[in-house]
Amino acid sequence: MASALINVPAKAKRGEIIEIKTLMSHIMETGYRHTATGEVIPRDIITSFTCRFNGKEIFRADLFPAISANPFFTFFTTATESGKFEFEWIGDKGFSETASASIAVE
Amino acid sequence: MLDPTTRRDFLALAGSAAMLAVTLRPAKATPATMASAIRTVVGTAPVKNGKVKLEVPPLVENGNTVPMTVSVASPMAPEDHVLSIHVFNEKNPQPNIGNFYLGPLAGRAQVSTRIRLADSQKIIAIAKLSDGTFWSASVEVIVTLAACTEEPV
């Protein structure tokens with residue numbers, strides 16, 4: 001079962017640069033491994049991660065098999081106003097997960 | 001049953017098994033495919049050294065999860081900011097590691113993640129700036145236990 005871990009400060013001062021950490025549990029099967037009988041294990045990875053703040057994109061990543069299992073990202077944004085961060089992960093086999101976090105900017 | 005007399009023997013054995021798996025794989029990114037992957041991002045524009053800082057441990061024990069941080073010296077102002085960061089490798093099965101796109105509110109041009117490395121190799125990070133220039137940094141990494149190609153248990 002997929003689950004996300006999100007770390008966003010609950011409060012920030014206007015103009016402050018804040019750090020956002022996200023982790024999505026996912027096997028990130030590369031598609032380059034074989035079973036004991038020699039069959040290729042099909043690729044199963046997250047291909048895209050997006051973070052939006054109040055609807056505007058602030059960070060996006062294209063993922064490849066070279067990203068480790070349970071993809072983890074740390075990135076930054078400037079706190080401009082109170083609002084909501086929305087996170088979205090999209091991947092192979094119809095994988096789609098979302099999460100959100102709110103911040104109060106004073 | 002494996003009887004590792006010493007840790008060193010065991011590591012040597014594990015290392016040679018990993019090497020075997022790597023050499024048996026036909027499709028693999030090479031410096032040439034990495035160069036062409038880079039060209040698809042930068043086009044014909046020159047890529048200069050500098051501004052970018054790529055932090056990866058120089059000696060990696062487990063290639064399955066290697067911490068990586070890329071940062072770019074940039075004021076991140078509307079008139080001068082980083083649009084995207086692209087990371088490439090030369091010996092994984094695929095030359096791309098990740099593309100990271102920063103919005104106008106990014107605040108700081110820095111991203112961290114964890115990556116897989118199939119072999120000891122060179123990693124390159126390239127940043128695209130708002131003025132259309134490309135800047136890069138590269139590191140050589142030594143990997144003891146390879147990722148991607150190992151067989152499931």
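Worth pointing out:
- Against the numbered list (1) in contact with a strand residue (DSSP E or B) (Cβ under 6 Å, 6 or more places away or on another chain); (2) farther than 16 Å from residue B:67 by Cβ, residue B:114 comes up short only at (2).
- Residue B:79 being in contact with a strand residue (DSSP E or B) (Cβ under 6 Å, 6 or more places away or on another chain) and charged (D, E, K, R): no
- Unique match (being touching a residue at least 24 places away in the same chain (Cβ under 8 Å), of a type in the set (Phe, Trp, Tyr) and at the interface with chain A (Cβ under 7 Å from one of its Cβ atoms)) among B:134, B:100: B:100
- For the stretch A:1-57, a tally of residues being open to solvent by less than 70 Å² (accessible area, probe 1.4 Å), touching a residue at least 24 places away in the same chain (Cβ under 8 Å), hydrophobic (A, V, I, L, M, F, W, C) and assigned to a loop (DSSP other than H, G, I, E, B) returns 4.
- Failed item in (1) without any contact (Cβ under 8 Å) to a residue 60 or more places away in the chain; (2) open to solvent by 10 Å² or more (accessible area, probe 1.4 Å); (3) touching a Leu at 6+ places or on another chain (Cβ under 9 Å); (4) at the interface with chain A (Cβ under 7 Å from one of its Cβ atoms), with residue B:105 passing the rest: (3)
- Residue within the stretch A:44-64 that is more than 10 Å from every other protein chain (Cβ to nearest Cβ) and among the aliphatic types (A, V, I, L, M) present: yes
- Options B:12, B:32, B:18, B:27; residue that is at pLDDT below 90, surrounded by fewer than 17 Cβ atoms within 10 Å (Cβ to Cβ), in a helix (DSSP H, G or I) and among the hydrophobic types (A, V, I, L, M, F, W, C): B:12
- Subset tally (residues that are modelled with pLDDT under 95 and assigned to a strand (DSSP E or B)) for the stretch B:67-115: 2
- Residue B:118 meets all of the listed conditions (1) at pLDDT below 95; (2) open to solvent by 10 Å² or more (accessible area, probe 1.4 Å) but one, namely (2).
- Any hit, the stretch A:75-95, residues being within 11 Å of chain B (Cβ to nearest Cβ) and under 18 Å from residue B:114 (Cβ atoms): yes
- Every residue from the stretch A:58-106 that is of a type in the set (Lys, Arg) and either touching a helix residue (DSSP H, G or I) at 6+ places or on another chain (Cβ under 8 Å) or in a strand (DSSP E or B) (or both): A:60, A:84
- Of the residues making up the stretch B:57-75, those that are more than 10 Å from every other protein chain (Cβ to nearest Cβ) and open to solvent by less than 20 Å² (accessible area, probe 1.4 Å) are B:60, B:70, B:72.
The values are calculated or read from the model by the stated rules, or taken from the named source; none is laboratory data. Because the structure is a prediction, the values reported are computed rather than measured. Here the Cβ is made from the backbone with ideal geometry for all residues, glycine too, and neighbour counts use every protein chain on show. For accessibility, only protein heavy atoms count, side chains too; no ligands or nucleic acids. Shrake-Rupley method; radii C 1.70, N 1.55, O 1.52, S 1.80 Å.
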